[in-house]
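Participant: Pasting a structure below so you can have a look.
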Amino acid sequence: MTCAGLAYAFGGTNAVDGLDLAVRPGEVFGLLGPNGAGKTTAIRCITTLLPVPAGMVRVFGHDPAGDRMAVRRLLGYVPQQLSADAALTGRENVTLFARVFDVPRRERAARVAQALAAVDLTDAADRLAKTYSGGMVRRLELAQALVSAPRLLILDEPTIGLDPIARTGVWEHINAVREATGMTVLVTTHYMDEADQYCDRVGLMHRGRIRALGTPAELRRGLGERRRAEGGP
């Protein structure tokens with residue numbers, strides 16, 4: 001997945017301002033930055049939820065502007081806002097997504113069961129989602145994104161609002177799926193500790209652009225050198 005010069009403005013304000021980004025196949029890439037940095041807007045352009053008015057986006061060679069459906073078939077997306085229907089069971093929620101993404105009928109039940117098992121929700125699959133804890137809901141949404149067997153999994157602040165134990169659980173399931181399938185993962189977060197512990201590479205985003213890029217260790221080293229140059233500890 002690549003972006004070059006991606007730009008998007010709201011009312012004259014550049015939310016994304018010439019974003020250049022390349023996510024390597026099979027890696028977990030973290031887009032790290034404060035609220036308002038442009039992370040969610042960039043994700044919405046990549047996932048075809050917003051148009052690409054300037055610059056270029058490619059998802060496994062496909063252009064979201066010209067081949068929206070091909071891009072969507074390659075993606076699994078967990079938005080920042082909760083998307084699970086509280087009035088449905090976990091199994092019904094995932095089945096709904098299987099239908100939306102045209103999972104063949106003969107494979108649907110098995111694929112739904114597989115997605116639920118991947119996030120450790122088999123035992124809770126037939127309970128209403130409104131009875132789930134916050135961490136369970138996030139895992140359910142991960143199952144919804146996985147049921148179509150995507151090549152690229154995109155998660156927008158997947159652990160926001162969760163307690164530390166639930167945050168760790170969500171990440172453990174993300175990593176287990178990545179290791180089992182080899183899929184590429186792009187995740188946004190403003191938690192430095194998550195990016196440091198779970199991401200192969202991290203891009204620090206501020207005011208719509210990537211300001212620093214590298215492995216967590218490289219970014220820590222660069223930050224330490226900068227502090228020393230400025231006379232800090």
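Participant: I need the phi-derived Karplus couplings for the range 213-219: 6.51 cos²θ - 1.76 cosθ + 1.60, θ = phi - 60°, integer Hz, Gly and Pro marked x.
Facilitator: 3J(HN,Hα) across the range 213-219, in whole Hz: 8, x, 6, x, 5, 5, 5.
Participant: Normalised by the number of residues in the chain, what is the relative contact order in percent for Cα pairs under 8 Å and 6+ residues apart?
Facilitator: Averaging sequence separation for qualifying contacts and normalising by length gives 28 percent for the chain.
Participant: For the range 1-95, what does the relative contact order come out to in percent, with C-alpha contacts under 8 Å and a separation of six or more?
Facilitator: Details: 116 pairs, mean separation 24.9, N = 95.
This gives 26 percent for the range 1-95.
Participant: Sequence-distant or interchain residues sharing an amide H contact under 5 Å with residue 206, placed H: which?
Facilitator: 211
Participant: Same structure, new question: Taking the Cα atoms only, what angle lies between the long axis of helix 164-181 and the longest principal axis of the chain, rounded to 10 degrees?
Facilitator: The answer is roughly 80 degrees.
Participant: Add -39500 (n - 2.57) for each DSSP H run of 4 or more in the chain, then divide by its residues: what number comes out at 222 nm, to the nearest 500 deg cm²/dmol?
Facilitator: After summing the helix terms and dividing by residue count, I get -12000 deg cm²/dmol.
Participant: Amide H to amide H under 5 Å from residue 15: which residues, 5+ apart in sequence or cross-chain, H placed 1.01 Å off N in plane?
Facilitator: 8, 9, 10
Participant: Through the Karplus equation 6.51 cos²θ - 1.76 cosθ + 1.60, θ set to phi - 60°, convert the phi angles of the range 145-154 into ³J(HN,Hα) values in whole Hz; use x for Gly and Pro.
Facilitator: Each residue's phi maps through the Karplus curve to give 6, 8, 5, 8, 6, x, 8, 10, 9, 10 Hz.
Participant: Another question, if that's okay. Could you work out how much longer the chain between residue 212 and residue 58 gets when fully extended? Use 0.36 nm per residue separation minus the Cα distance between them, nm to one decimal.
Facilitator: Gain on stretching residue 212 to residue 58: 53.3 nm.
Participant: A further question follows. Of 160, 86, 25, which is farthest on the positive side of the dipole of the chain, counting Cα position, with +1 on Lys and Arg Cβ, -1 on Asp and Glu Cβ, and the Cα centre as origin?
Facilitator: Positive-end residue among those listed: 25.
Each value in this text was obtained by applying a stated rule to the coordinates, not by laboratory testing. Predicted model, so just to flag it, every value in this text is computed and none were measured. Glycine gets a Cβ as well: all are built from the backbone with ideal geometry, and neighbour counts include every protein chain shown.
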